Amino acid sequence: MSKKKKGLYFIEQILDYKQYQGQKYYLIKWQGYNNRDCTWEKPEKIPNLPQYISQYEQNVKNLGSNFYHIENDEPPLLEDFIGVPSQQKQSVLQQQQEQIKKLQDQVSLLKQELNQVKKQQEEIIQLIQTLPQEKKPQQSNQQQDSENIQDSISELSQKNTEVKLPNEGGFEYGDQLDKIGQAAQIKQTGIKMYYLLWQKRSNGIIPKNRWVNSEYLQKYDIKSLCYYLQKKLQ
């Protein structure tokens, strides 16, 4: 209803009570006006509040909480006065909050996995540093070994061109990783799987993409795994 001038309108009774964000509101029925002209008021705006609250509680006890509802004369809702979110908006907001929580959980899992990878990487580095260093051979022996290695590589390269490699890509076949396409987790086991895309081989054939677990990547290309996880956390 339109704003009342002080002293011209009288309270008939309290019809309802609600609380929103810690603030109490009472639905006031004005003398001489219909239910649809009721207004929601704060306690400090209502004189003799205990008397009206006592009357309201008695009505609820005797007639039920819907004692004031009349067909075609329904009072206004609280959101008509203070912008309380509707049930539909509250449902959408709740869904958004659930989605945010899921994303936060996924980020937390990725952080944990990245921390584990970093820890393993540090352990590998420490292990390498603790390995005894071999004595450097003489200059002549180094040159001879280098020539032998080059000859061996040449022979292996020639043999590899003759051997038919499998269609599926893999580090064990000498393939080079192009990128990690995506990651997924198996529900039953909780194992993390990664989808690998490979670079073109020297014979012009692109190996088939392949799903591998994190242990496989940690063994052959831990740097790419760390880079992928770090990029996902950004």
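Values quoted throughout were computed directly from the atomic coordinates according to the rules given, and no laboratory measurement underlies them. Since this is a predicted model, take the numbers as computed values, not measurements. With ideal geometry, Cβ positions are generated from the backbone for all residues, glycine too; neighbour counts draw on all protein chains shown.
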(request) Report the FRET efficiency, 1/(1 + (r/R0)^6), for PHE81 and LYS61, where r is their Cβ-Cβ distance and R0 is 25 Å, rounded to 0.05. (result) 0.40
(message) What do you get for GluC sites (Glu not before Pro) in region 34-81 restricted to DSSP loop and a cutoff of at most 10 other Cβ within 10 Å of the site's Cβ?
(response) GLU71
(request) Count the net charge of all other residues whose Cβ sits under 15 Å from the Cβ of SER224, scoring Lys and Arg as +1 and Asp and Glu as -1. (result) +3
(request) Jot down the per residue volume, in cubic angstrom and as a whole number, of the convex hull over the alpha-carbon atoms of region 189-234. (result) 90 Å³
(request) Please report, in debye to the nearest 20, how large the charge dipole of region 162-234 is about its Cα centre when each Lys and Arg carries +1 at its beta carbon and each Asp and Glu carries -1 there. (result) 300 debye
(request) Sticking with the crude label model, points 7 Å out along Cα→Cβ, report the distance from GLN121 to ARG210 in nm, one decimal please. (result) 2.3 nm
